[in-house]
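Structure first, commentary second.
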Amino acid sequence: MPEKTPRAALGAVTGLWMRLLLVRLQGPRALPLHVRSVVRVLTSHGFTAHAVGGAVRDLLLGRRPGDWDVATSAEPRYVLSVFLRAIATGLKHGTVKVICPGGHVIDVTTYRVDGVYSDRRRPDTVSFTESLSQDLGRRDFTVNALALGPTGTVIDPFGGLGDLARRVIRCVGDPDQRLSEDALRMMRAVRLAAEIDFTLDPGTARAITRNAPLLRHIAAERVRDELDRILLSGRPGRALELMRTLGLLHIVLPELLEGVGFDQNEHHAFTVWEHTLLSVAAVPPVHVLRLAALLHDVAKPRTLSVEGGRRHFFGHEKVGAEMARDILTRLRYDKATIARVTHLVRHHMALHWQPEMKDAAVRRLINRVGPENIPDLLELRRADRRASGTKEGPVGLGTAALLVRIERLLKRDRVFTLQDLAVDGHDVMRVARIPPGPEVGLILRRLLEEVLEDPKLNDKARLEERIRGMTRSGLPR
């Protein structure tokens, strides 16, 4: 990331201190009403309570805070006793969910000191304390170790305000200890830097590199969720490059490293890895689109062939779909996401015009990719083109011509899938007098092929006559 100019840095510092002053002047009103209410109830019973964590950080950065958390000197049993609607969700670790009017839910956690993290996720034991400073000292990064009191005072025992001003992500205390407690914090540091446009403190970055192998001990589901947040951040390309330089990509997505420094051909100005980063950033922040952009060219290094001095990657979309399936399965994605992403990877080259294409070929293309997937494939095509570094415009003339044909046929013909046929499986069994089985599907697919060739054939009487003809001549194989 380019260095910020002195003027920009001064503006960021000035903005932070102005927001600090505003928070101080607002006092209790700096907190949302439901958070203020929880803090007021706890303090009215003689306890101390502060808003803590990421919401405080975002408030001071001028961003819209997400979920609010409250830390208090009250032990869970007291929290449960003073709120009418409270749920004991994490008593072992001192957390109670308080349900506020309007449906807001706030995690209220007792000030605590953590014990050993033997599972590299949660402390084996916790000890409650009355010290807010001790509680903030167990948190991951200094910018998250800030507390906002009921009078508008910001408590900052670990230099988080200075790091906000410098726009730096730095671990609280010893970075090796913080990261070994929960190795997922390494990915969280990368994600946070991408979300709020911060850099990593050099000491924290070095500690991540040293501790990267610990990420192997983290459940795939947790790694997957953090990866999703990275991909959906405002700077996914920057975050992925950070993961590479810090050694995290080798643990999470080693297949992508094959594209680092791997040249393509005359149609691309960038390596496969650079092209991938640009493609991910170029598609809208939609989950399946970002995943598909991340993996669309993953197989290029494995499908390289050279003919006449030119580099080719024949079939990389097919091999890539299989690699994508393996990667997403390893990361425990759900079946629907795996199916959708692999389909997009498999067909990301589909919207390519061939001059000899007739309407029947275009209808078969629509059938093959699915009408519902054409908008996503178009987004991938646009991103792929923008990330090439050699092409101008969102799509080429050939793709534009193909899209016109597709739109015209979608409006005119309306028969592209089995569901669009004028007959269904029940009709086939009735007319052909056959039981349920694979033959029913074979007949339907044969009928669809004929209708794709000539949509006028999609008439129930005509199709039933074709079924009879197929039955007399022998079922299709």
**Q.** Thr245 being closer than 24 Å to Arg216 by Cβ, in the same structural domain as Asp225 (by TED's automatic domain parsing), free of Cβ contacts under 8 Å to residues at least 40 places away in the same chain and of a type in the set (Ser, Thr, Tyr)
**A.** yes
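Each row is one residue, and each column tells you yes or no for (1) small (Gly, Ala, Ser); (2) surrounded by fewer than 24 Cβ atoms within 10 Å (Cβ to Cβ); (3) under 17 Å from Thr151 (Cα atoms); (4) in contact with a helix residue (DSSP H, G or I) (Cβ under 8 Å, 6 or more places away or on another chain).
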| site | (1), (2), (3), (4) |
| --- | --- |
| Leu31 | no, no, yes, yes |
| Arg36 | no, yes, yes, yes |
| Thr43 | no, yes, yes, no |
| Gly46 | yes, yes, yes, no |
| Gly54 | yes, yes, no, yes |
| Leu59 | no, yes, yes, yes |
| Arg63 | no, yes, no, yes |
Q: Could you give me the residue pairs with C-beta distances under 8 Å whose first residue belongs to the stretch 192-203 and is assigned by TED's automatic domain parsing to the domain that holds Leu242, whose second residue is among the hydroxyl-bearing types (Ser, Thr, Tyr) and outside any helix (DSSP H, G or I) wherever it lies, and which are 6+ apart or on separate chains?
A: Ala193/Thr199; Ala194/Ser233; Glu195/Ser233
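Looking at the stretch 80-92, which of its residues are over 35 Å from the mean Cα position of the chain (by Cα) and either without any contact (Cβ under 8 Å) to a residue 12 or more places away in the chain or part of a helix (DSSP H, G or I) (or both)?
Leu80, Ser81, Val82, Leu84
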**Q.** Qualifying positions in the stretch 98-113 - surrounded by fewer than 20 Cβ atoms within 10 Å (Cβ to Cβ) and closer than 20 Å to Gly46 by Cα
**A.** Asp107
Q: Run down Tyr117, Tyr78 and say which single residue is in contact with a Phe, Trp or Tyr (Cβ under 8 Å, 6 or more places away or on another chain) and aromatic (Phe, Trp, Tyr).
A: Tyr78
Q: Grab the helices (runs of 4 or more DSSP H) fully contained in the stretch 141-247, keeping just those with 3 or more residues being among the charged types (D, E, K, R), in contact with a helix residue (DSSP H, G or I) (Cβ under 9 Å, 6 or more places away or on another chain) and surrounded by fewer than 20 Cβ atoms within 10 Å (Cβ to Cβ).
A: 220-231, 236-246
Q. Within the group Arg120, Arg138, Arg112, which residue is assigned by TED's automatic domain parsing to the domain that holds Arg57 and at positive phi?
A. Arg120
(Q) Please go through the stretch 50-78 and give me each residue that is more than 35 Å from the chain's Cα centre (by Cα) and in a helix (DSSP H, G or I), ordered by number. (A) Arg77, Tyr78
**Q.** Subset tally (residues that are closer than 13 Å to Leu161 by Cβ and in contact with a helix residue (DSSP H, G or I) (Cβ under 6 Å, 6 or more places away or on another chain)) for the stretch 125-140
**A.** 0
Q. Give me the pairs: first residue in the stretch 27-50 and in contact (Cβ under 8 Å) with a residue 40 or more places away in the chain, second residue among the basic types (Lys, Arg), beta-carbon distance under 6 Å, and six or more apart or on different chains, which are they?
A. Pro28/Arg36
(Q) Filter the stretch 388-410 down to the residues that are part of a helix (DSSP H, G or I) and not aliphatic (A, V, I, L, M) and list them by number. (A) Gly398, Thr399, Arg405, Glu407, Arg408
(Q) Name the residue that is farthest from Leu328 (Cα to Cα), counting only residues in the stretch 248-271 that are in a helix (DSSP H, G or I) and of a type in the set (A, V, I, L, M). (A) Leu257
Q: Looking at (1) under 20 Å from Gly389 (Cβ atoms); (2) surrounded by 14 or more Cβ atoms within 10 Å (Cβ to Cβ), find the lone condition where Asn265 falls short.
A: (2)
(Q) For the structure I just gave you, tell me whether Arg178 is in contact (Cβ under 8 Å) with a residue 60 or more places away in the chain and not aliphatic (A, V, I, L, M). (A) no
Q.
I need the full set of residues from the stretch 115-140 which are in a loop (DSSP other than H, G, I, E, B) and of a type in the set (Val, Ile, Thr), in order please.
A. Val116, Thr125, Thr129
Q: Counting only residues that are buried (at least 16 other Cβ atoms within 10 Å of the Cβ) and among the hydroxyl-bearing types (Ser, Thr, Tyr), give me the helices (runs of 4 or more DSSP H) lying completely in the stretch 294-382 with at least 1 of them.
A: 335-346
Q: Mind counting the residues in the stretch 121-140 that are within 23 Å of Gly203 (Cβ to Cβ) and either surrounded by fewer than 17 Cβ atoms within 10 Å (Cβ to Cβ) or among the hydroxyl-bearing types (Ser, Thr, Tyr) (or both)?
A: 3
Q.
I'm trying to understand the selection: among the residues of the stretch 71-104, which are touching a Pro at 6+ places or on another chain (Cβ under 9 Å) and of a type in the set (Ser, Thr, Tyr)?
A. Thr95
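To keep it simple, each residue is scored yes or no on (1) farther than 30 Å from Leu380 by Cβ; (2) assigned by TED's automatic domain parsing to the domain that holds His352.
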| site | (1), (2) |
| --- | --- |
| Glu407 | no, yes |
| Asp424 | yes, no |
| Met429 | yes, no |
| Leu442 | yes, no |
| Leu447 | yes, no |
| Val451 | no, no |
| Pro455 | no, no |
| Asp459 | yes, no |
| Leu463 | yes, no |
Q) Is it the case that the stretch 391-410 has a residue that's surrounded by 20 or more Cβ atoms within 10 Å (Cβ to Cβ), closer than 27 Å to Arg224 by Cβ and of a type outside the set (Asp, Glu)? A) no
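The values are calculated or read from the model by the stated rules, or taken from the named source; none is laboratory data. Remember, predicted model here, so these are calculated numbers, not experimental data. As a convention, Cβ positions derive from the backbone with ideal geometry for all residues, glycine included, and neighbour counts pool all protein chains shown.
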